[in-house]
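The structure appears below as structure tokens.
The values are calculated or read from the model by the stated rules, or taken from the named source; none is laboratory data. Everything numeric here is computed off the predicted structure, so don't read it as measured data. Virtual Cβ from ideal backbone geometry, glycine too; neighbours counted across all protein chains shown. Accessible surface areas use protein heavy atoms only, side chains included; no ligands, DNA or RNA. Shrake-Rupley method; radii C 1.70, N 1.55, O 1.52, S 1.80 Å.
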Amino acid sequence: MILSENLQAKILPGKDLVPATSRLITLTTDFGTSEHYVGVIKGVILSINPAAQIVDICNSVHSYDLLDGALTIAQSYPYFPNNTVHMVVVDPSVGTARRPIIASAGKNIFLAPDNGVLSLVYDREEAISVRHVTAEHYFLQPLSNTFHGRDVFAAIAGWLSKGVEVSKFGDEITDFVRFAAPKPKVVSENLIKGIVIKVDKFGNLITNLTPNDVPQLFAEKPRPFKILIGKTEITRLRTAYAQGMTGEVFAVLGSMGFLELATNRGSAHHTVGADKGTEVGVVFENAASASS
């Protein structure tokens, strides 16, 4: 496995290179840490650009889980410097006709398979330009059908980090893949239903409910409520994890901007017996009964 020959000669300073310092690269993948995959990706990048700076956002995205990958990168990229290259590889269709893409969104560059893993980035950004990567002379050769993270995405990330313009890799497309994240459902004035979209390392159940979906919880005078999940009924809203009583399952607004169900130094996931996809109902008392 070798880098394509004479690639260095193909880069013309002042023409193909961005007149800027080396772009930072981030990695968001489902490759894990027990195999060689992430190390090899970094080796490819550094072979192309020995001065590259690489930051691991997360290499433990749930295997094949596009929504988990989409949540991970959408929650992370705003905290990085402008012009960062975000390599996002959750790629269950690797080796098929799915396209490799480069998306320029705001002041960020994203490199990913065209399978919707950037959908939440697309939702956040107003100005988006997506290109189908077709310049195969930048790929590693021979090209494996099972490890495009190494042969396609890492190689392109290396060249992007050196300042190669995104326009050199392919033409713009408008039919890129995107999916809609699960949305809460207003069943009635007193009932909003959501779901658990993520269970984090601590066992916190992260729902798709935001303060905009349940403003009654965050009003100056919140309406009495109960949150129903499985056989558990939750009636406490805390402002910090440490405020919870031992063994208590409570609601808290987490750093991702979503309502979470948590326990203090424990796992709501195990306590409640809920998982990703579990339905969550927020029930409010009628104003008349609450004041009587």
Review point. Which of the lysines could be linked to K162 by a straight reach, that is with a Cα gap under 30 Å, when you skip same-chain ones fewer than 8 residues away?
Key: K10, K15, K42, K107
Practice item. Quick one: divide the alpha-carbon radius of gyration of the stretch 63-185 by 2.2 N^0.38 Å and tell me what you get. Key: 1.01
**Study point:** Pair E285, K185: separation of 7 Å Cα→Cβ label points (nm)
**Key:** 2.8
Check your understanding: How many Å² of accessible area per residue for the stretch 115-235, probe 1.4 Å?
Key -> 49
Exercise for review: Compute the separation of the alpha-carbon centres of the stretch 228-252 and the stretch 123-159 and state it in Å as a whole number.
Suggested key: 44
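Can you tell me the FRET efficiency between Y79 and N264 if r is taken as the Cβ-Cβ distance and R0 is 22 Å, rounded to the nearest 0.05?
0.25
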Exercise for review: Round to the nearest 10 and give me the degree value, 0 to 90, for the angle of helix 37-48's Cα axis relative to the longest principal axis of the chain.
Suggested key: 40
Review point. For the chain, what is the relative contact order in percent, using Cα pairs closer than 8 Å and at least 6 residues apart in sequence?
Key: 16
Exercise for review: Would you please calculate the Kirkwood hydrodynamic radius of the stretch 162-263 over all C-alpha pairs and express it in Å, rounded to one decimal?
Suggested key: 16.1
Check your understanding: For the stretch 214-276, which whole percent of the accessible surface, found with a 1.4 angstrom probe, sits on carbon and sulfur atoms?
Key -> 52
Study note, to complete from the structure: Gyration tensor on Cα atoms of the stretch 142-219, a ≥ b ≥ c root eigenvalues, a/c under 1.5 rounded, else prolate if a/b beats b/c, else oblate, says prolate
Check your understanding: According to the square roots a ≥ b ≥ c of the eigenvalues of the Cα gyration tensor, what is the shape class of the stretch 214-292, taking rounded for a/c under 1.5, prolate for a/b larger than b/c otherwise, and oblate for the remainder?
Key -> prolate
Review point. Counting pairs of Cα atoms in the chain, how many percent are more than 28 Å apart?
Key: 45
Review point. Against the longest alpha carbon principal axis of the chain, how many degrees, from 0 to 90 and to the nearest 10, is the axis of helix 66-76 turned?
Key: 90
Review point. What FRET efficiency comes out for the pair A242/K221, r = Cβ-Cβ distance, R0 = 22 Å, nearest 0.05?
Key: 0.30
Review point. Over what distance in Å are the Cα centres of the stretch 30-105 and the stretch 173-194 separated?
Key: 26
